[in-house]
Amino acid sequence: MNHQERTHAVLSASGAHRWLLCTPSARLEEQFPDTTSDAAREGTLAHELAEMKLRHYFQTKEFGKRKYNAEVKKLKTEELWQDEMDGYTEIYKDYIKTLALSFPAEPYSAIEKRVDFSQYVPDGFGTADCILLSGNTLHVIDLKYGKGVPVSAEENPQMMLYALGAYQAYSFLYDIRSIHLVIIQPRLDSISEWECPLGELLEFAEYVKDRAKLAINGEGEFCPGEKQCRFCRAKAQCRARAEENVKLAFNPDKGKLPPLISNKEMGKYLAYGEDVAKWLSDLKEHALKECLAGREVPGWKAVEGRGSRDWTDMDAAFEVLKEKGIAEEILYEKKALTLAQVEKTIGKKDFAEMVGGMVVKNPGKPTLVKESDKREAITNKITAEKAFQEEQ
């Protein structure tokens, strides 16, 4: 499949977390161009490599070693190619290979399968990265190459829509009773799995049908929030989001209150402020674009930021300096690459084999996250176990 030419439905599976919560947003977004980024193009390239690896594994006769090597060679000529893509997509392939080998018989596999869930969502379709069918279980597996935040497979609307499409395609051949969803994010060392009975998926389908009917007509109530606004193309100009964030930022609770806020209130205000900060950032970015395009934003203007200096010809300049008696040692400094740069240069696998035993992972600086974060909470309060160890 040519990943660059993937088409997207108005009510896309990837945007379901948005239009299911904020139904009018899908039509509102249509007024704004659907732009891409280097990170998105890099993800597309990684998906193409991952697809080739799975085809080579599951469809060896049609996609043999010679064809596989030729296709990978083409990918390596792409501007955004990184050697580390090979290792990260290998993690994805190895997971699927291990899963397939765990079944009592070879599973049915579909790679980059276009699935249709229009029975529940008007003109609804999408592309599932990998589908495996074995026994009574439908497995839907998704590769996410980004390195932003871990994405959970639990009740994930995008994955559940893919599963609905796959169920529609294969239920007449397979007695599907269970749904197994997997999201693999190799750059975050994250594999999230979730399983549910078919009945739960079909209950979700009925909920989706009602919400999709509103969304396709641009109806329903706007429901701004950090999760649904994050990738919305209308986020900078959305009136509902603006009003919600102004309310959160400038309308504190009324009434007689103590002079100091409690920890409970602190948690509440942190949650309130999270999208306020993002909204202001989005607003400033959009206002700058408007000013640069020659359109007036009252009270604001675009100016040139602080510039920087650079050589017109560094080698020639250094030659002049050396001719004037400046020692070469003063002009250059010997600087080691960082651990991450060395690993990227020689490859993750070779790095682990050669010097993996000489690496120690230092604890990170404490940071505040939401309670839903999977990492273990830390505290400066010493535990009884540690205190006993110190006494010993």
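The values are calculated or read from the model by the stated rules, or taken from the named source; none is laboratory data. Every value quoted in this text rests on a predicted model; they were computed, and no experiment measured them. Glycine also receives a Cβ, built like all others from the backbone with ideal geometry; neighbour counts cover every protein chain displayed.
Results, tabulated for the structure shown:
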quantity	calculated
Selection from the range 165-201 of residues that are assigned to a helix (DSSP H, G or I), farther than 15 Å from residue 89 by Cα and in contact (Cβ under 8 Å) with a residue 24 or more places away in the chain	165, 166, 167, 168, 169, 170, 198, 201
Flag for residue 280 being surrounded by 10 or more Cβ atoms within 10 Å (Cβ to Cβ), in the same structural domain as residue 167 (by TED's automatic domain parsing) and either out of contact with any strand residue (DSSP E or B) (no Cβ under 7 Å at 6 or more places or on another chain) or part of a helix (DSSP H, G or I) (or both)	no
The range 124-137, subset closer than 20 Å to residue 51 by Cβ and not β-branched (Val, Ile, Thr), residue farthest from the chain's Cα centre (by Cα)	133
Pairs where the first residue, in the range 303-327, is in contact (Cβ under 8 Å) with a residue 12 or more places away in the chain and the second is surrounded by 10 or more Cβ atoms within 10 Å (Cβ to Cβ), C-beta under 8 Å, 6+ apart	318/331
Cβ pairs under 6 Å, 6+ apart, first in the range 75-89 and farther than 19 Å from residue 184 by Cα, second assigned to a helix (DSSP H, G or I)	75/49; 78/45; 80/41; 80/42; 80/45
Within the range 38-49, tally of residues that are over 13 Å from the mean Cα position of the chain (by Cα) and either among the acidic types (Asp, Glu) or surrounded by fewer than 11 Cβ atoms within 10 Å (Cβ to Cβ) (or both)	2
Residue list for the range 84-122, restricted to those being in contact with a helix residue (DSSP H, G or I) (Cβ under 8 Å, 6 or more places away or on another chain) and acidic (Asp, Glu)	84, 86, 90, 106, 112, 116
Qualifying position, being of a type in the set (A, V, I, L, M), assigned by TED's automatic domain parsing to the domain that holds residue 57 and modelled with pLDDT of 95 or more, among 173, 143	143
So residue 39, is it within 21 Å of residue 341 (Cα to Cα) and of a type in the set (A, V, I, L, M, F, W, C)	yes
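So that you can scan it fast, the table gives a plain yes or no per residue for (1) in contact with a Cys (Cβ under 9 Å, 6 or more places away or on another chain); (2) assigned to a loop (DSSP other than H, G, I, E, B); (3) surrounded by 10 or more Cβ atoms within 10 Å (Cβ to Cβ):
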| residue | (1), (2), (3) |
| --- | --- |
| 286 | no, no, yes |
| 294 | no, yes, no |
| 306 | no, yes, no |
| 311 | no, yes, no |
| 315 | no, no, no |
| 318 | no, no, yes |
| 329 | no, no, no |
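Yes or no, residue by residue, for (1) at pLDDT below 85; (2) over 27 Å from residue 186 (Cα atoms); (3) in contact with a His (Cβ under 6 Å, 6 or more places away or on another chain):
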| site | (1), (2), (3) |
| --- | --- |
| 309 | no, yes, no |
| 315 | no, yes, no |
| 330 | no, yes, no |
| 354 | no, no, no |
| 370 | yes, no, no |
| 373 | yes, no, no |
| 386 | yes, yes, no |
| 390 | yes, yes, no |
